[in-house]
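Peer 1: Sharing a structure below in structure tokens format, with a few things to ask.
What follows is calculated from the coordinates using simple rules that are stated; it is not laboratory data. Since the structure is predicted, the reported quantities are computational estimates derived from the model, not experimental observations. Reconstructed Cβ throughout: ideal geometry from the backbone, glycine too, with neighbour counts over all protein chains shown.
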Amino acid sequence: MAASQTNTCLHVALCGNPNTGKTTLFNQLTGRRAHVGNYPGVTVEQREGDHRTAEGGHWRVHDLPGAYSLTAHSPEEEITHQALTGQFGSVPQVVVVVLDASNLARNLLLLLQVAELGLPIVAALNMMDAAKQAGLAIDIAGLTADLGCPCVPLVARTGKGLAELEAAVELVAKRPELAAIAETAWSEPVLQAIASARACDERLATLPSGGVLWWLCAEPSLVDRLQPGLGQALRQAVPRELLPETDLRRRVVHERYQRIDAVTAQRVQRQGAPQRSQSDRIDDVLLHPLAGGLLFLLAMGSLFQAVFAWAQPLADGVAALMNVLASAVRDHLPANLLRAVLIDGVLVGVGGTLVFLPQILILFTGIALLEDSGYLARAAFLADRLMARVGLPGKAFVPLLSSHACAVPGILATRTMNDPRDRLLTILIAPLMSCSARLPVYTMVTAAVFAGSTPLFGILSLGGLIVAAMYFLGFLLALLAAAIFRRTLVPGAGAPLLLEMPPYRLPRLPNIARVLWDRGRDFVVTTGTTIVLLSVVLWGLMTFPQHGLDPAERTRLNAEVTAQHLQGEALAQAKAAIEARDAQIHLQQSAAGRLGHFIEPLIKPLGFDWRIGIGLVGSFAAREVLVPVMAQVYGKGSQADVDDRFAADVGRSMAGAGGLTPLSGLSLMVFFAIAMQCLNTLATIAREAGSWRWALFALTYLNTAAWLASLGVYQLGKFMGYS
């Protein structure tokens, strides 16, 4: 099969260490024809795209996750191995191993492992400009002869060398024997282990030596999961002194590096004395214990401020668009259940999804800029010391900080974390950060019961201090939960932070745009679908059964208004009061209202009555929904506005009707500071953790902790004589 024929498709896999420019090369080859998905059963992304060669050939390019080796210790390494061995489909016809030309010794380990699988390889020596700047001279022809595969110098960022790479791939596709790398000269103990493994199980009998070594050196639990019974068979057949837990894995790595060191010593020469790079000089400041820490706080604070503040006008624009769409539906459809479900169910769900899109796009713009520039690795390094005390890696800092604006983009930001256990741990504690959706609730309570309090020291508002305490409470509980989960659900000390500091570069706008497109589309299509469905369910609970004012009562109230001979605004207010009362009765008699009565015995020890119970049910969709729901319960209409002025007005109405006291208000704030009251967050956890099981666990532990904390606050306050 000729790879250059237009009616054929050549499957080319790109693999390489992180930070070698693999994705940059993928983008150069595929342009805008890239498709993003997830590998079956995991959340590690796969990218596929089409490339047309100058001769008219068609490539299907597969961008595999970055991996330092194929001996799986992370989802990325496991996925890369499975993709190269055809466990997700066909085996790639050519593998382009992208190497950092300035650090060949480390990069060649992965190349040897791929070659040991018997796959045709082209070595792309990327970042040749950085190697030259570092004073390195690479003998390309000699390296090609030593390795046994084509080696192509490349600068993927500018496209230099792409034509030569294209020609090498086409040649290897036609003549795979040109890329047959000689097998490493294994020592006798390694050969003995390979022979024992082949003899013990027919599944290994026909594999090349590298394929057998993968099964021998991979984690035993992974071996048993991928091939049931194989791990036990290997442990019984391979001599005890060569088991992976002892000597074999180290011996294999050592012998590979012996070969690598011999090649690089002969083919890579340093010209002149080593010079400190510009990145090293910048790191003198950015990694300085004091100056670096302050600049780190400034960078993270700026990112947080951008997500928190800059997104608000865009979110307001989304809300305005939803209002326009709702008005259009209201104008063109008769008043019936279809119109109601479209406006109050579907459009509310769509709006509840899109309103978070500006925050997500701003967050990932910041993360992409920091990552593309090379600073994100430094930020993780600076944060690691503090986070490690509770078993979290430094990379958890950005997701947790972002969760103060909204847990949804914060949880999505955990995709920058490599270790799945660290990622899961961060996802589980991210909802404890007080997000912006809690602010309307805090405002409502403080306006109701703390606004008239005497300022502390004459200047410090008690309400402001209590709100600040809620943020501090969430942060402390997140650290406590992380410490507990690290010792129970996600055991271990956390993955050690082993970072390669990439050189500083100017971010490339096309890369940023692709990241934003991928993240935004993924959120809207995947998480948004779940949110819309759950919003429609919640609308049904708050709508049915339909019981409002008794017709005789409505007639009596209308007659009273008529008898008063009201005009203009006074007449409109009187009619609005009747409709508000109708909405209040309807809500009380709905399934959600009845559920509020049903759960009252559970929440009464917290200082809440059935009316707040309705709010707790309604606010499950989103925390800030508590304010408009309370507005309906307390007869203030069905305004959807949740700004500070409206929230304060609702709070004062609640206090005037006996719905809130200082103690019950504090209890309510503590409950909302901890509880999981957000469908968006719940759906995002299910998506990012890979299972609804973890989402339901987060829902259970957070709401249980919220109930216990609120119970403690209210009952202790009552014991001390407060009300």
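Peer 1: Just going by the charge dipole of the chain, with Lys and Arg at +1 and Asp and Glu at -1 on Cβ, which of Ala156, Thr8, Ala430 is farthest out on the positive end?
Peer 2: Ala430
Peer 1: Also: At 20 °C and 1.002 mPa s, what whole-number value in µm²/s does Stokes-Einstein give for the translational diffusion of region 248-336, with Rh from the Kirkwood sum over Cα pairs?
Peer 2: 106 µm²/s
Peer 1: So, one more: Reachable lysines from Lys718, Cα under 29 Å, same-chain residues fewer than 8 places away excluded?
Peer 2: Lys604
Peer 1: Projecting each Cα onto the charge dipole of the chain (Lys/Arg +1, Asp/Glu -1 at the beta carbon, about the Cα centre), which of Val561, Met128, Thr53 comes out farthest on the positive side?
Peer 2: Val561
Peer 1: Leaving out same-chain residues fewer than 8 places away, which lysines sit with a Cα under 22 Å from that of Lys22?
Peer 2: Partners within reach: Lys132, Lys160, Lys395.
Peer 1: Something else now. So for the chain: antiparallel DSSP bridges make up what percent, rounded to the nearest 5?
Peer 2: Around 45 percent antiparallel, to the nearest 5.
Peer 1: Please express the shape of region 480-615 as an equivalent ellipsoid: the semi-axes are the square roots of 5 times the eigenvalues of the C-alpha gyration tensor, given largest first in whole angstrom.
Peer 2: Sorted largest first and rounded, they come to 53, 26, 15 Å.
Peer 1: For Ala180 and Ala576, compute 0.36 nm times the residue count separating them, minus their Cα-Cα distance, and round to one decimal in nm. Don't skip to the answer; put the middle values down first.
Peer 2: Working: separation 396, 0.36 × 396 = 142.56 nm, distance 8.19 nm.
Answer, rounded to one decimal: 134.4 nm.
Peer 1: How many nm separate the modelled label positions at Leu290 and Phe475, each set 7 Å beyond the Cα in the direction of the Cβ?
Peer 2: About 2.3 nm separates the two model spin labels.
Peer 1: Mind checking the dipole of region 188-270: about its Cα centre, +1 per Lys or Arg Cβ, -1 per Asp or Glu Cβ, Debye to the nearest 20?
Peer 2: 340 debye
Peer 1: What's the angle, to the nearest 10 degrees (0 to 90), between helix 188-200's Cα axis and the longest principal axis of the chain?
Peer 2: The two axes meet at around 60 degrees.
Peer 1: Between the helical axis of 357-373 and the dominant principal axis of the chain, each derived from Cα atoms, what acute angle in degrees is found, rounded to the nearest 10?
Peer 2: Tilt relative to the chain: about 30 degrees.
Peer 1: Expected output is a single nm value to one decimal: the length gained when fully extending between Arg389 and Gln266, i.e. 0.36 nm times separation in residues minus the C-alpha distance. What is it?
Peer 2: Values: separation 123, 0.36 × 123 = 44.28 nm, distance 4.45 nm.
Between Arg389 and Gln266, full extension yields an extra 39.8 nm.
Peer 1: How long is region 335-425 along each principal axis, judged by its Cα atoms, biggest number first, in Å?
Peer 2: Taking the Cα atoms of region 335-425, the three principal extents are 60, 28, 20 Å.
Peer 1: Let's see if you can work this out: charge +1 on each Lys and Arg Cβ, -1 on each Asp and Glu Cβ, no other charges. What is the dipole magnitude of the chain about its Cα centre, in debye to the nearest 20?
Peer 2: The calculation lands at about 680 debye.
Peer 1: Pull up all non-local amide H partners of Val98: gap of 5 or more, or a different chain, and H-to-H distance under 5 Å with H placed in the peptide plane.
Peer 2: Distant-sequence amide H within range of Val98: Cys15, Gly16, Ala124.
Peer 1: Turning to a different aspect of this structure: Can you tell me the orientation of helix 439-449 relative to the chain, as the angle in degrees between its alpha-carbon axis and the longest Cα principal axis, to the nearest 10?
Peer 2: So the helix axis and the longest Cα principal axis differ by about 30 degrees.
Peer 1: Same structure, new question: Among Leu222, Leu477, Leu699, which residue has its Cα positioned farthest towards the positive end of the charge dipole of the chain, with +1 placed on the Cβ of Lys and Arg, -1 on the Cβ of Asp and Glu, and the dipole taken about the Cα centre?
Peer 2: The one lying farthest along the dipole's positive direction is Leu477.
Peer 1: Rounded to whole Hz and in sequence order, give me ³J(HN,Hα) for region 56-66 from the Karplus expression 6.51 cos²θ - 1.76 cosθ + 1.60, θ = phi - 60°, writing x for Gly and Pro.
Peer 2: x, x, 10, 10, 10, 9, 10, 8, 7, x, x
Peer 1: Counting pairs of alpha carbon atoms under 8 Å apart in space and at least six apart in sequence, what relative contact order in percent does region 112-246 give? If you can, show how the numbers build up before the last one.
Peer 2: Numbers: 142 pairs, mean separation 33.5, N = 135.
Worked out over region 112-246, it gives 25 percent.
Peer 1: Exposed loop chymotrypsin sites (Phe, Trp or Tyr not before Pro) only (DSSP loop, at most 15 other Cβ atoms within 10 Å): please give the longest stretch of the chain free of them, not including the sites.
Peer 2: The longest such stretch corresponds to 89-456.
Peer 1: Tell me the Kirkwood hydrodynamic radius of region 188-270 in angstroms, computed as one over the mean inverse distance between distinct C-alpha pairs.
Peer 2: After inverting the mean inverse Cα-Cα distance, the result is 13.6 Å.
Peer 1: Turning to a different aspect of this structure: In 20 Å bins starting at zero, report the fraction of Cα pairs in the chain per bin as a rounded %.
Peer 2: In order of increasing distance, the bins hold 15, 41, 28, 14, 2, 0 percent.
Peer 1: What would the Debye equation give as log₁₀ I(q)/I(0) for region 108-198 at q = 0.11, 0.13 Å⁻¹, counting only Cα atoms as equal point scatterers?
Peer 2: Here the Debye-derived log intensity ratios amount to -0.40, -0.53.
Peer 1: In vacuum, with every alpha carbon of region 10-179 counted as one equal point scatterer, what does the Debye formula give for log10 I(q)/I(0) at q = 0.10 Å⁻¹? Two decimals, please.
Peer 2: Result of the Debye calculation: -0.33.
Peer 1: Something else about it: Show me, for region 701-711, the HN-Hα J-couplings you get by feeding each phi into the Karplus relation (A = 6.51, B = -1.76, C = 1.60, θ = phi - 60°), rounded to Hz, glycine and proline as x.
Peer 2: For region 701-711, the Karplus-derived couplings read 5, 5, 6, 5, 4, 5, 5, 5, 5, 5, 4 Hz, x marking Gly and Pro.
Peer 1: Can I ask one more? Using modelled amide H (1.01 Å from N, peptide plane; none on Pro or chain starts), what sits under 5 Å from the amide H of Leu10, excluding residues fewer than 5 places away?
Peer 2: When sequence neighbours closer than 5 places are left aside, the close amide H contacts are His58, Trp59, Arg60.
Peer 1: May I ask you to list the aspartates and glutamates whose Cα is less than 12 Å away from that of Lys575, ignoring any residue fewer than eight positions away on the same chain?
Peer 2: Straight-distance partners of Lys575: Glu560.
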